[in-house]
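Input: a single structure, listed below in structure tokens.
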């Protein structure tokens, strides 16, 4: 099956720093990638939809200037958490949609961010 | 508006018992897809099943079975002869549209604990 990777898998940073998370589709091309956030013991919530070559679409309540998304190629989308604070500590999961007629969606393994 | 409800927050069963996880959804779309994912402690989402709105046939895969009832907007998941390895959080999700590749709306999840 299709594989989506995320890097890093785990990151701990100091408050005020910026953190970049990469999401890659390894064996297929994806014009669309989704970024989800999951707080401890809660559900996954969509943060934004990332489209290759265009601006991301953010869900209501998600600050686009804080969560910068870049989808520069058909296999890579990045999420940068700028000036991270402890309340940004969460599990970030991306998914990628392939270009096939069915357009299946595949999830990455997630990135656990801890902001001290 | 779309919504996925998993009323059971936590369930505990003794090994070898059968267990059913409930999922009720709401959508105005006539075409949509329903999913079940398993999330073990590692955090990675494990895809279990995808079902489109036009296919109400129940499905069985090994010890897993799914009961899709459009009349009650439910998509329940049954594990037969549960095992300790089944312990995880299980999410039901909805994707609106005809491909099932749009963003997913997740339920709040059901934490299943199988006691040896």
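No lab work stands behind these numbers, since they all come straight from the coordinates. The structure displayed is predicted, hence computed values, not measured ones. As a convention, Cβ positions derive from the backbone with ideal geometry for all residues, glycine included, and neighbour counts pool all protein chains shown.
State, as an integer percentage, the relative contact order of chain B based on alpha-carbon contacts under 8 Å between residues 6 or more apart.
About 38 percent, as a whole number.
For residue B:11, project a label point 7 Å along Cα to C-beta. Then give me every residue of segment B:38-65 with its amide nitrogen under 17 Å of that point.
Inside the label zone: B:38-40, B:48-49, B:59-65.
Over the whole of A:29-42, what's the average partner chain Cβ count within 10 Å per residue? Rounded to a whole number, please.
2
Taking just the C-alpha trace of segment B:19-70, give me its Rg and Dmax in Å.
Just the Cα atoms of segment B:19-70 yield Rg and Dmax of 12.3, 35 Å.
Nearest 0.05, what FRET efficiency do residue A:13 and residue B:84 give at R0 = 41 Å with Cβ-Cβ as r?
Efficiency, from the Cβ-Cβ distance: 0.70.
Over every pair of different alpha-carbon atoms in chain B, take the mean of 1/r and invert it; report that Kirkwood radius in Å.
14.2
Quick check: the distance between the Cα centres of segment B:73-116 and segment A:48-115, to the nearest angstrom?
23
What distance in nm separates the two pseudo spin-label positions at residue B:47 and residue A:26, each 7 Å out from Cα along the beta-carbon direction?
1.5
Going by C-beta contacts inside 10 Å, put B:11, B:115, A:21 in order with the fewest on the left.
B:115, B:11, A:21
Can you tell me, using C-alpha contacts under 8 Å and at least 6 residues apart, the relative contact order of segment A:4-116 as a whole percent?
Contact order relative to length: 37 percent.
With the Cα gyration tensor of the protein assembly as shown in hand, give its eigenvalues times 5 under a square root as the equivalent ellipsoid semi-axes, listed largest first in whole angstrom.
Rounded to whole Å, the semi-axes are 30, 21, 16.
Counting DSSP beta bridges with both partners in chain A, what percentage is antiparallel, nearest 5?
90
Viscosity 1.002 mPa s, temperature 20 °C: Stokes-Einstein D of chain A from its Kirkwood Cα radius, in µm² per second?
Calculated translational D: 153 µm²/s.
Could you check the simple spin-label distance between residue B:3 and residue B:111, using points 7 Å along Cα→Cβ, in nm with one decimal?
Label-label distance for residue B:3 and residue B:111, simple model: 2.4 nm.
Shielding of B:16-22 by partners, i.e. mean partner chain Cβ atoms within 10 Å per residue?
What the average comes to for B:16-22 is 0.
Taking each residue in B:106-115, count the Cβ atoms of any other chain within 10 Å of its Cβ, then average. What number comes out?
Neighbouring Cβ atoms belonging to other protein chains average 2 per residue here.
For B:86, A:65, what ranking results if the residue with the fewest other Cβ atoms within 10 Å of its Cβ goes first?
By the 10 Å Cβ count, ascending: A:65, B:86.
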